[in-house]
Amino acid sequence: MPFIAFLTWVNGTLFAVPTTLLFFGAAVFFTFRIKFAQVTQFPRFIKILTQPVQKQSDADTIEKTIHPLHALFTAMATTIGMGNLVGPTIAIFTGGPGALLWLVLYIFFGAATKFVEVISALKTRAVTVDGAIIGGPLFYLKTVSPFIAYWYGIIMIFMLASWSSLQANTLSGILALHNIPTWLTGMILVLFLVRMLSGGAERVGAVASKLVPLMFVLYVSVALYILLSNPADLLNSIIMVFKSAIHPSAAIGGFLGTTFMHAVQSGLYQGVFITEAGIGTASIPHAVARTNKYTDQAILAMCATISDMTLATLSGLLVLVTGVWNTGSFRSTLIYEAFKLYAPGFGSYVLLISLSLFILTTILGNSFNGTQIFKSVTQKVDHRFYIIFITGVIFVGSLMPATIVWELMETILACAMVPNVLGLLTLVIRNPDWYRISA
C-alpha cells in the first residue's frame, strides 16, 4: 500500500537520525543532571513504596486528588501493557537482536526523562473551577511556549486514541487465533472503557492498583519457566544481543537484516512506547497525586521503570530463545506464539489472561490521560465527545491490519515527542532548582 510505504519512508529516513539523537541524548543529559538518581534513589523508592496507604481526610488542602501510589499504578497501567510484551518483539523483528539492548538502555536513561516530566507537571499543575487538580505536559510546556503546548495537545489527543487502537489491534489479532471475531473484541473493550471512565480518577487508580501487580506476577512466572528450561539457548541469545547491538544483523529466516542505526532506532522507539518517557503522558496521573514532596512522586515514577525493564527483557529473550523472531512476516503475535509453543499446557492461557489485563489497563490509562488533555485543550467542550471519539477509534483499530497501525503510531510519536523533549530541556536549564533532590 502506498500509504504504508510513505509512513515507512518517513519513519525510517526523515525521522530516524534526528529524533533518535534528540531523545536518547536528552535522556542521557537528564541522567547526569539528576546525578544518576535511577540508582542512588532506589532505597528511597522502596521506603516510599512500603509506606501505608492513608485515606484522604477532610483536612487535605487539595481536593479531588488521588493517593500517590494510585497515581503510580495509574501511570504504570499505561506503561505496563501490550508494549512490554509486543514492543521488544517488534524491535527485534525490525532492528535485529541488538535492538533489545538499545531498548533496555533507553529504559534506564529514559527513567531520568520521566523524573523530569513528573517534577515539571507537579510544579505547574492547576486547580479547575470545580476544585479538581489537573496537570501534565500541556501545563509545563505552556510556561515555555503556548504554541508548543497547543501543538502538543492537539497531537496527543489523536495519539492517545491511536495508542489505544494499537492495543485493541493486538488483542483482537491474538483472540482471532481462538476464533473470536475481531468486532466482538472491539465491542467488549469499548464497553469496559465507558464503564471505567465514568468513575473518574479514583476509580481508574483503584482498578489499576489491583490489576497491575496481578498481571505482572502471572506473566513473569511463566516467562521465567520457559527461559530457565532452556539455559543453553538463553545464554546464546544473550550473547547474540550484545554482538548484534554493535554489528549489523544479517538476514536470517523471516528477518530481513538491519544496520547499526536501524537497530538503535528500533530499540529506542519501542523503549519510548514501553515507558512513555519523553512523551510526557505518564506525568498526567502523577500530577493529580496527593503529595507535597514532589521529588518523592518523581522517584516513584522513575524507579517504576524497573518493571518495564524486567518485562521487556523477558519478552525479548523469549522470542530469541524460542526462535520465532526469524520466521514469517511482520506481526504482533510473536510473543503469543512463543508461549503457545514452549510453555506448559496452561502457559498460553496465562499469557492470554495477562495480555488481556495489560491491554485493558493500558487502554484505561491512555483514555484517562487523553480525557485530561482534551479538557485542557478544548476547555469548554464536553469531554464526553472525546470518549465517543476514542471508543470509535478503538473499535476500528481492532479491525485494521497491524502494519499500518504500528507505522502510523511511530509517525505520531515523533511529532509529539519533539516539542515535549525540547520543552523539558528548556525547563531544566531555566529552573535547575526544581529538579534538585533533597534528603
- Query: When you look at I359, is it closer than 23 Å to L318 by Cα and of a type in the set (V, I, T), yes or no?
  - Reply: yes
- Top-ranked residue in the stretch 147-156 [being among the aliphatic types (A, V, I, L, M) and open to solvent by less than 20 Å² (accessible area, probe 1.4 Å); ranked as modelled with the lowest pLDDT]: M156
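Tell me whether the stretch 112-119 contains one or more residues that are outside any loop (DSSP other than H, G, I, E, B) and either surrounded by fewer than 24 Cβ atoms within 10 Å (Cβ to Cβ) or modelled with pLDDT under 85 (or both). Talk me through it step by step, then tell me what you get.
Step one: list which residues in the stretch 112-119 are outside any loop (DSSP other than H, G, I, E, B), which gives 112-119.
Then drop every residue that is not either surrounded by fewer than 24 Cβ atoms within 10 Å (Cβ to Cβ) or modelled with pLDDT under 85 (or both), which leaves none.
No: zero hits.
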- Here is a list of conditions, (1) modelled with pLDDT of 85 or more; (2) surrounded by 19 or more Cβ atoms within 10 Å (Cβ to Cβ); (3) more than 22 Å from S283 (Cβ to Cβ), and P43 meets all of them except one; can you say which number that is? (2)
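The rows are residues; the columns are (1) open to solvent by less than 70 Å² (accessible area, probe 1.4 Å); (2) at pLDDT below 80; (3) basic (K, R); (4) more than 19 Å from W325 (Cα to Cα).
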| residue | (1), (2), (3), (4) |
| --- | --- |
| K210 | no, yes, yes, yes |
| F216 | yes, yes, no, yes |
| V220 | yes, no, no, yes |
| A223 | yes, no, no, no |
| N236 | no, no, no, no |
- Query: If we keep just the residues of the stretch 90-111 that are β-branched (V, I, T) and under 15 Å from the mean Cα position of the chain (by Cα), which is surrounded by the fewest Cβ atoms within 10 Å (Cβ to Cβ)?
  - Reply: V104
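Would you check which residues across the stretch 395-404 are out of contact with any Phe, Trp or Tyr (no Cβ under 8 Å at 6 or more places or on another chain) and either at pLDDT below 75 or surrounded by 19 or more Cβ atoms within 10 Å (Cβ to Cβ) (or both) and list them?
Within the stretch 395-404, the subset out of contact with any Phe, Trp or Tyr (no Cβ under 8 Å at 6 or more places or on another chain) is 396-397, 400-401.
Of everything in the stretch 395-404, those that are out of contact with any Phe, Trp or Tyr (no Cβ under 8 Å at 6 or more places or on another chain) and either at pLDDT below 75 or surrounded by 19 or more Cβ atoms within 10 Å (Cβ to Cβ) (or both) turn out to be G397, P401.
Which helices (runs of 4 or more DSSP H) does the stretch 283-385 wholly contain that include 1 or more residues that are open to solvent by 10 Å² or more (accessible area, probe 1.4 Å)?
Details: elements: 283-287, 294-303, 305-322, 334-342, 347-378.
Of the helices (runs of 4 or more DSSP H) lying wholly inside the stretch 283-385, those with at least 1 residues that are open to solvent by 10 Å² or more (accessible area, probe 1.4 Å) span 294-303, 305-322, 334-342, 347-378.
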- Would you confirm whether any residue within the stretch 163-182 is surrounded by fewer than 24 Cβ atoms within 10 Å (Cβ to Cβ), of a type outside the set (G, A, S), modelled with pLDDT under 90 and assigned to a helix (DSSP H, G or I)? yes
- Message: Can you tell me which residue is nearest to the chain's Cα centre (by Cα) among those in the stretch 128-146 that are open to solvent by 40 Å² or more (accessible area, probe 1.4 Å) and closer than 18 Å to F374 by Cβ?
- Response: F139
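The values are calculated or read from the model by the stated rules, or taken from the named source; none is laboratory data. The structure presented is a predicted model; accordingly, all values stated were derived computationally and were not measured. Don't worry about glycine lacking a Cβ; one is built from the backbone with ideal geometry, like all the others, and counts go over all protein chains shown. Quick note on the areas: whole protein, heavy atoms, side chains included, nothing else; ligands and nucleic acids left out. Shrake-Rupley method; radii C 1.70, N 1.55, O 1.52, S 1.80 Å.
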